[in-house]
Amino acid sequence: MLYTAELFLIPESTSASSTKGYVGKLRKIQRQASLHVMGTMKSSPMDAIDACANLLPFHLLIGKVLHHVVNRLATLPQTHPLAKHIIRSTNRYVKRHRSPLHEITHAFNIQPGDLKTINPVWHGPKWGPAFPKEIATSRWAAIEGAQGAQADMKASQMGQP
C-alpha cells in the first residue's frame with residue numbers, strides 16, 4: 001500500500017497541502033482493511049482496532065516509512081549516483097521548487113556525515129581466540145575440568161602462580 005510513498009507523501013510542510021488528500025484516502029483504505037481483517041463493526045474505534053490488529057496509526061506508519069527512507073538515503077556510499085544529490089539537499093534548503101528529497105531530508109534533519117559506519121566483520125578469516133578451546137567427552141570430564149579451572153582461578157587470585 002505504501003509502495004513509492006517517499007515520492008508522493010511529503011512530510012507536513014508549507015508545500016505539502018496536496019498530500020493530505022492522499023493520506024486521507026490511504027487512511028480510509030487501511031481502516032476498511034482493518035475492519036475486514038478483525039471482523040468488527042463500522043462504529044468500532046479505529047485506535048482499538050489498530051491495537052488489536054498490531055498496526056500503527058496511519059500517520060505514524062507514514063512517518064516510520066519516510067524515516068526509514070531518509071536513513072537509507074543518508075547511508076548510501078559516496079560512489080552511488082544519488083549520494084551527491086543527497087548531500088546537496090541536506091546542506092541547503094531551497095526556497096522555491098523543492099523536490100521531495102529536500103522535504104524529506106529536512107523534515108527529519110538527518111545529515112549523511114553524522115552517521116557512523118559499522119563494519120559487519122570484526123576479524124579476518126584466519127582469526128582465532130586467544131584462549132584454548134576444549135570440549136569434554138563426557139559429563140564427568142566436564143565437571144572435573146570446571147573444578148580444576150576454579151582451583152586454578154582461586155590460586156591465581158591469592159597471588160600464587
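Just so it is clear, none of the values below were taken in a lab; they were calculated from the coordinates. This one's a predicted model, so the numbers in the text were calculated from it and none came from an experiment. Cβ placement follows ideal geometry from the backbone for every residue including glycine, while neighbour counts extend to all protein chains displayed.
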Fill in: 14 Å beta-carbon shell around residue 31, net charge (K/R +1, D/E -1)
+2
Discussion item. Suppose the chain between residue 65 and residue 40 were pulled fully straight at 0.36 nm per residue; how much longer would it get relative to their current alpha carbon spacing?
Written reply: 6.3 nm
Response to the item:
Cα extents of the chain per principal axis, largest first, Å, are 77, 49, 30
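Given 0.36 nm per residue, what is the gain on full extension from residue 51 to residue 146 after removing their alpha carbon distance, in nm? Don't jump to the answer; show the numbers that get you there.
Values: separation 95, 0.36 × 95 = 34.20 nm, distance 4.98 nm.
The residue 51-residue 146 span can extend by a further 29.2 nm.
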Fill in: Point-to-point label distance, residue 127-residue 109, nm (Cα→Cβ direction, 7 Å offset)
3.7 nm
Practice prompt. Under 14 Å from the Cβ of residue 53, count the other residues' Cβ atoms, weight Lys and Arg +1, Asp and Glu -1, and hand me the total.
Written response: -1
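Assuming R0 = 30 Å, can you tell me the calculated FRET efficiency for the pair residue 31 and residue 72, based on Cβ-Cβ distance, to the nearest 0.05? Don't jump to the answer; show the numbers that get you there.
Working: r = 29 Å, r/R0 = 0.95.
Efficiency for this residue pair is about 0.60.
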Discussion item. Run through the range 10-110 and list the chymotrypsin sites (Phe, Trp or Tyr not before Pro) located in a DSSP loop whose Cβ has at most 12 other Cβ atoms within 10 Å.
Written reply: 93
